[in-house]
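Q: Below are the structure tokens for one structure; questions will follow.
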């Protein structure tokens, strides 16, 4: 896959279509913790009515409509050789 297919612009065109909407507004999603700063709410007003989709930034720098999996703490065992 091309790297530009996961840009926010490409995802907006994919989900909302190539037709020119009347109004597009991109804002930071409200109520998200600081760790989820890569979260944008895209609001669109078209003749069919207003609607919004939330896009999440993933570790590979792509934008998707589902949140990335949370990084969980791990415990690693180290064996000592005497």
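The values are calculated or read from the model by the stated rules, or taken from the named source; none is laboratory data. Owing to the predicted nature of the structure, the values given are computational and were not obtained by experimental measurement. Please note: Cβ atoms are built from the backbone with ideal geometry, for glycine as well, and neighbour counts cover all protein chains shown.
Q: Does the stretch 16-36 include one or more residues that are assigned to a loop (DSSP other than H, G, I, E, B), modelled with pLDDT of 80 or more and out of contact with any helix residue (DSSP H, G or I) (no Cβ under 8 Å at 6 or more places or on another chain)?
A: no
Q: Another question, if that's okay. Six or more apart or on different chains, Cβ under 8 Å: which pairs go from a residue in the stretch 66-82 that's closer than 30 Å to residue 38 by Cβ to one that's surrounded by fewer than 10 Cβ atoms within 10 Å (Cβ to Cβ) and modelled with pLDDT of 75 or more? Could you list them?
A: 68/59
Q: Just need a number here: residues in the stretch 43-82 that are surrounded by fewer than 10 Cβ atoms within 10 Å (Cβ to Cβ) and not in a strand (DSSP E or B).
A: Within the stretch 43-82, the subset surrounded by fewer than 10 Cβ atoms within 10 Å (Cβ to Cβ) is 47-49, 59-60, 66, 69-82.
Adding the requirement that they be not in a strand (DSSP E or B) leaves 47-48, 59-60, 66, 69-82.
Within the stretch 43-82, residues that are surrounded by fewer than 10 Cβ atoms within 10 Å (Cβ to Cβ) and not in a strand (DSSP E or B) number 19.
Q: What's the number of the only condition in (1) at pLDDT below 85; (2) exposed (fewer than 13 other Cβ atoms within 10 Å of the Cβ); (3) assigned to a loop (DSSP other than H, G, I, E, B) that residue 5 fails to meet?
A: (3)
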